[in-house]
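Chemist: Have a look at this one before I ask anything.
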Amino acid sequence: METSNRACVWVAAKTLEVQERPIEPVGDNDVLVQVISTGICGSDCHNWESDKVSRQLVLGHESSGIIKEVGKAVTDRVVGQRVAIEPGFACMTCEFCAKGNPNICANLKYCGLDPTDGTLCQYFTCRSSMTVPIPENISWEEAGAIQPLAIAVQLARRASLNSHQTLAIFGCGPLGLLILAVAKAYGVRKVVMFDIEQSRVDFAVKYGADAGIVPPRREESVEPLSFAQDYSASLIKDLGLGSGFDVSVEASGAEVCAQMAICLLKNGGTCIQAGLGKSLTSIPLFLLTAKELNLKGTVRYTPGCFADAIDLLSRKKVDLKPLITSTYPLTKCGEAFEAQHSRKDIKIVIMNQE
Ligand SMILES: [Zn+2]
Ligand SMILES: [Zn+2]
């Protein structure tokens, strides 16, 4: 029986501690997972930077591991099974859960989100239904990035992404790159990526984007809307896109990108807002009416997204290895968060047992 449970605990702004935490008891419908790998996410880092926490919180929500114990009523999981952990504790009874959207559950608790402890620990107890089996041919490093890939799968669902479309993605961070990976796996006709850093754009092109662009900066004297419209018009012409993109994804959080993501769309196109920018952003709403555009949000994942992400990895339709640029032992989680904060890595994965 496991007795030690080291956990990465956020105790104050930019301060983590490795603490011993009790292992939660395994209920009849639960499983105990020995957590092997956990990706660090921008949102973990965002938490870590702030001091807004009600209690000492275990971080982490992108984990996979091995089942060590199953509850009495669990029939579809076995000890020794490799699984990814879905980090959302949805109530499954509210009106949103009842309609099949537990990602927007009214009573959602989420790993690593105050006040719910996360998965950056050695042993994690959860409902068996929150675990999704993963085959042997997926490495533990990659398994630490299944959750963000599932987020990209959900975004593709929101956009009804298919092989006949052209796609613009703003932001070449991990989310933008994972959306690129899913889009390529789905055979999307043309994917163009944007970022303000040339090195990130270069990486996106190496990772499969059809084009990568660092947009010019707007001169103070140019009005923001005409800048976005003029730039979009010239870009569409240069790229030979006819009347514009079918789908755009805003994954940078920058206001100018939100504006361009709308201006670049053809009539009837779809813009997915995935970045978290400032709380009030100015966008050309009149174009939504004039071009009958769809503007949609996307958050977390819905049933089946994890299984789809695992399937893409297992069939080698998506390769996460180039994105995982560093691994750290859990005992050095502080260093890992510093590295994540400095943005030199693309994706950092923590090995929870080390
Ligand atoms: Zn995340
Ligand atoms: Zn619910």
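Chemist: Does a label point 7 Å from the Cα of Glu338, set along Cα-to-beta-carbon, have any residues of the range 27-41 with amide nitrogen under 19 Å, and which are they?
Modeler: 40-41
Chemist: Measuring from centroid to centroid over Cα atoms, what is the spacing of the range 55-72 and the range 243-301 in Å?
Modeler: Result: 36 Å between the Cα centres.
Chemist: Could you bin all the Cα-Cα distances of the range 47-181 into 10 Å bins starting at 0 and give me the percent of pairs in each, rounded to whole numbers?
Modeler: Over the range 47-181, the share of Cα pairs per 10 Å bin runs 10, 32, 38, 17, 2 percent.
Chemist: Putting +1 on Lys and Arg Cβ atoms and -1 on Asp and Glu Cβ atoms, find which of Leu276, Ala290, Gln154 reaches farthest to the positive end of the dipole of the chain.
Modeler: Ala290
Chemist: So what does Trp140 come to for accessible area, using a 1.4 Å probe and Å² rounded to 10?
Modeler: Roll a 1.4 Å probe over it and Trp140 shows about 50 Å².
Chemist: With the convex hull built on the Cα atoms of the range 1-41, state its orientation-averaged projected area in nm². List each step's numbers first, then the result.
Modeler: Details: hull surface 16.7 nm².
Its Cα hull, projected and averaged over all orientations, spans 4.2 nm².
Chemist: Give me the compactness ratio for the range 16-92, meaning the Cα radius of gyration over 2.2 N^0.38 Å.
Modeler: Numbers: Rg = 14.5 Å, N = 77, 2.2 N^0.38 = 11.5 Å.
Taking the Cα Rg and dividing by 2.2 N^0.38 Å, one obtains 1.27.
Chemist: Taking a 1.4 Å probe, which of Met130, Met92 shows the most accessible area, and what order do the others take after it?
Modeler: Values: Met130 5, Met92 115 Å².
Largest accessible area first, the residues go Met92, Met130.
Chemist: Still on this model: Return the ratio Rg/(2.2 N^0.38 Å) for the chain, where Rg is computed over Cα atoms only. Don't skip to the answer; put the middle values down first.
Modeler: Working: Rg = 20.8 Å, N = 354, 2.2 N^0.38 = 20.5 Å.
After normalising by residue count via 2.2 N^0.38 Å, the value is 1.02.
Chemist: What do you reckon, how do Val188, Val79 stack up by accessible area (1.4 Å probe), largest on top? Please report the intermediate quantities before stating the final value.
Modeler: On the way: Val188 5, Val79 95 Å².
Correct descending sequence by accessible area is Val79, Val188.
Chemist: Taking the full set of protein chains and a 1.4 angstrom probe, give the accessible area of Thr289 in square angstrom, rounded to the nearest 10.
Modeler: Spelled out: Thr289, probe radius 1.4 Å, area about 110 Å².
Chemist: Looking at the chain, send over the antiparallel percent of its DSSP beta bridges, to the nearest 5.
Modeler: Working: 32 of 58 bridges.
Roughly 55 percent of the DSSP beta bridges within the chain come out antiparallel.
Chemist: Continuing with this model, one more query. For the range 150-297, what is the per residue volume of the convex hull drawn over the alpha-carbon atoms, in cubic angstrom?
Modeler: Working: hull volume 15.4 nm³, N = 148.
That works out to 104 Å³ per residue.
Chemist: Just subtract the alpha-carbon distance of Gln353 and Thr75 from 0.36 nm times their residue separation and send over the number in nm, one decimal. Intermediate results must be reported in sequence, preceding the final value.
Modeler: On the way: separation 278, 0.36 × 278 = 100.08 nm, distance 2.70 nm.
Extra length from Gln353 to Thr75 when fully extended: 97.4 nm.
Chemist: Treating only the Cβ of Lys, Arg, Asp and Glu as charged (+1, +1, -1, -1), what charge dipole size does the range 109-239 show about its Cα centre? Round to the nearest 20 debye. Kindly include the intermediate steps, with their values, before the conclusion.
Modeler: Working: 12 positive and 14 negative charges, 106 e Å.
I would put it at about 500 debye.
Chemist: Is the shape of the range 217-354 rounded, prolate or oblate, going by the alpha carbon gyration tensor and its root eigenvalues a ≥ b ≥ c, with a/c under 1.5 for rounded and a/b larger than b/c for prolate?
Modeler: Values: a/c = 2.40, a/b = 1.74, b/c = 1.38.
Because a/c hits 1.5 or more and a/b exceeds b/c, the range 217-354 counts as prolate.
Chemist: What percentage of the solvent-accessible surface of the chain, computed with a 1.4 Å probe over protein heavy atoms, is contributed by carbon and sulfur atoms? Please list the in-between numbers first.
Modeler: Values: 8100 of 15760 Å².
C and S fraction of accessible area: 51 percent.
Chemist: Further, regarding this structure: From largest accessible area down, sort Lys296, Lys332, Lys291, Lys344; use a 1.4 Å probe on the protein chains. Intermediate values should be presented prior to the final figure.
Modeler: Working: Lys296 65, Lys332 100, Lys291 40, Lys344 175 Å².
These residues rank, largest area first, as Lys344, Lys332, Lys296, Lys291.
Chemist: Over all distinct Cα pairs, what is the inverse of the mean 1/r for the range 179-238, reported as the Kirkwood hydrodynamic radius in Å?
Modeler: Hydrodynamic radius (Kirkwood, Cα pairs) of the range 179-238 is 12.9 Å.
Chemist: Let me ask something else about it. With every protein chain present, what accessible area does Lys68 have (1.4 Å probe, heavy atoms only), rounded to the nearest 10 Å²?
Modeler: Spelled out: Lys68, probe radius 1.4 Å, area about 80 Å².
Chemist: In nm, to one decimal, how far is the Asp319 label point from the Ser139 one, both placed 7 Å along Cα→Cβ?
Modeler: Distance between label points: 1.1 nm.
Chemist: Within the range 292-324, find all residues whose amide N lies under 15 Å from a label point positioned 7 Å from the Cα of Asn267 along Cα-to-beta-carbon.
Modeler: Flagged as within label range: 292-294.
The values are calculated or read from the model by the stated rules, or taken from the named source; none is laboratory data. The structure displayed is predicted, hence computed values, not measured ones. All Cβ positions, even for glycine, are placed from backbone atoms using ideal geometry, and neighbour counts span all protein chains on display. Remember, those area values only see protein heavy atoms, side chains included, never the ligands or the DNA or RNA. Shrake-Rupley method; radii C 1.70, N 1.55, O 1.52, S 1.80 Å.
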